[in-house]
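Engineer: Let me begin by handing over the structure; questions about it come next.
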Amino acid sequence: MHEDVGKNVKRYIAVFVALMVGTLATVGAAQLQLAVAATITVALLIAIFKGSLVAGVFMHLADERNAIYAALILTAILFAGLILLPVLAYLDRVKY
Amino acid sequence: MEIPYTVEARPDTGLPNGKLGIWLFLASEVMLFGALFSSYILLRVGAVEWPHGELSVVLGTVNTIILIGSSVTMVMAWASLKMNNWGRHRLFLGLTLLLALVFLINKYFEYAEHLGKGEGPGHSTFLAIYFTLTGLHGLHIVGGMIVMAYFLGPGAKMWKTNPEQFANRIEYTGLYWHFVDLVWIFLFPVLYLL
């Protein structure tokens, strides 16, 4: 157990460095004055990458039981529905 | 009455009850913040114009670094327990609490600057969603701090009577704390940069 945790500590430090780089990359990309769509895409892709690292490594989601995956898959489907609502509302707007 | 499956895994789920419980709670939190993110998108795409540069990117970046740092110290607090190093556990948990406090102090200065200029939630749609999202996130920070303070204070005595259950409790606290960090990872670009 101690050896496993010891190995994980090195992984936590590596993830910390990756998260710092990701944060600076997000700020840097926002200063590039790209098109709005490109800026949003880059920032969200970096945020998804950083979020995956936190969930996968710090929250140990990369190595969890099926009961947790089942609950999170259902959550992800419902979350996607929530995010889809404003998109559908936008597509259904009245055009002048 | 003794609560079952606090340490050993429940046969049907393969998990201690507390772990499944905290993940179900976090799932409900995803839906809570998801509804607010959904509202943000709806308000933004429906707005004629959306302000840029209203918030301090420097302060937002510093707070992001602080919260990421606190996630590392939190996971190290748990790892230290697993390595039976009580002193390091206390150090890392204390550091996490301190970083959370610094985050809130920065947030206070940010809020004070806006409110001092009369820019409250009623000032604009952007500030309304900004105060709602960051206010709710801030309340989660406060909640995490209360739990950490408990485990640094009166809750710490469980380490002597039931160390495995105590380590599990710290793990669940960590899961909650990493989720709070995860939410900020998305709040930062959405509110400060885009």
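No value in this document is a laboratory result; all are computed from the given coordinates. Given the structure is predicted, the values throughout are model-derived calculations rather than measurements. Every residue, glycine among them, receives a Cβ derived from its backbone with ideal geometry; neighbour counts consider all protein chains shown.
Engineer: Along the charge dipole of region A:1-75, Cβ charges K/R +1 and D/E -1, which of A:Thr75, A:Ile40, A:Ala18 sits furthest on the positive end?
Structural biologist: Going by the Cα projections, it comes out as A:Ile40.
Engineer: How much net charge surrounds B:Leu115 when only the other residues with a Cβ under 15 Å from the Cβ of B:Leu115 are counted, with Lys and Arg +1 and Asp and Glu -1?
Structural biologist: Summing Lys/Arg as +1 and Asp/Glu as -1 gives -2.
Engineer: Could I ask something else about it? Compare the peptides B:117-125, A:51-59 by average per-residue count of other Cβ atoms within 10 angstrom and give them in order, highest first.
Structural biologist: Peptide ranking by packing, descending: A:51-59, B:117-125.
Engineer: Further, regarding this structure: May I ask you to list the residues of region B:175-194 whose amide nitrogen lies under 14 Å from a point 7 Å from Cα along the Cα→beta-carbon direction of A:Val36?
Structural biologist: B:194
Engineer: Give me the percent relative contact order of chain A, please, defined on Cα pairs under 8 angstrom at least 6 residues apart.
Structural biologist: 24
Engineer: For the protein assembly as shown, just list the percent of Cα-Cα distances falling in each 10 Å bin from zero outward, please.
Structural biologist: Going out from 0 Å in 10 Å bins, the protein assembly as shown shows 6, 26, 34, 22, 10, 2, 0, 0 percent.
Engineer: Highest GNM mean-square fluctuation, chain B, Cα pairs closer than 10 Å: which of B:Phe109, B:Phe92, B:Phe37?
Structural biologist: B:Phe109
Engineer: Now, a different point. All other residues with a Cβ under 13 Å from the Cβ of B:Thr96 taken together, and with Lys, Arg as +1 and Asp, Glu as -1, what is their net charge?
Structural biologist: Value of the local net charge: +1.
Engineer: Still on this model: Determine which lysines satisfy two conditions relative to B:Lys82: a Cα distance under 20 Å, and not lying fewer than 8 residues away in the same chain.
Structural biologist: A:Lys7, A:Lys10, B:Lys19, B:Lys157, B:Lys160
Engineer: List the relative contact order of chain B as a percent without decimals, with contacts defined as Cα pairs under 8 Å and 6+ residues apart.
Structural biologist: It rounds to 30 percent for chain B.
Engineer: Could you calculate the contour length gain from B:Ala112 to B:Glu54, that is, 0.36 nm times the residue separation minus the distance between their Cα atoms, to one decimal place in nm?
Structural biologist: Going from the current span to full extension adds 19.5 nm.
Engineer: Just for the Cα atoms in region B:1-110, what are the lengths along the principal axes, largest first, rounded to whole Å?
Structural biologist: 58, 35, 22
Engineer: Additional query: Classify region A:44-96: rounded, prolate or oblate, from the alpha-carbon gyration tensor (a ≥ b ≥ c, eigenvalue square roots; a/c under 1.5 rounded; otherwise prolate if a/b is larger than b/c)?
Structural biologist: oblate
Engineer: Further question: If you rank B:Arg90, A:Arg93, B:Arg10 by fewest surrounding Cβ atoms within 10 Å, what's the result?
Structural biologist: Lowest count first: A:Arg93, B:Arg10, B:Arg90.
Engineer: What are the equivalent ellipsoid semi-axes of chain B, built from the alpha-carbon gyration tensor (square roots of five times its eigenvalues), in whole angstrom, biggest first?
Structural biologist: For chain B, the ellipsoid semi-axes come out as 36, 20, 12 Å.
Engineer: I'd like the mean, over residues of B:185-193, of how many other protein chain beta carbons sit within 10 Å of each residue's own Cβ.
Structural biologist: 6
Engineer: Quick check on region B:76-127: what are the equivalent-ellipsoid semi-axes from the Cα gyration tensor, as sqrt(5λ), descending, whole Å?
Structural biologist: Largest first, region B:76-127 gives 39, 10, 4 Å.
Engineer: Let me ask something else about it. Mean-square fluctuation check for chain B, GNM, Cα pairs under 10 Å: which of B:Thr132, B:Thr73, B:Thr13 is largest?
Structural biologist: In the Gaussian network model the winner is B:Thr13.
Engineer: Can I ask one more? Take the Cα pairs of chain A, get the Kirkwood Rh, then feed it into Stokes-Einstein at 4 °C and 1.567 mPa s and tell me D in µm²/s.
Structural biologist: 79
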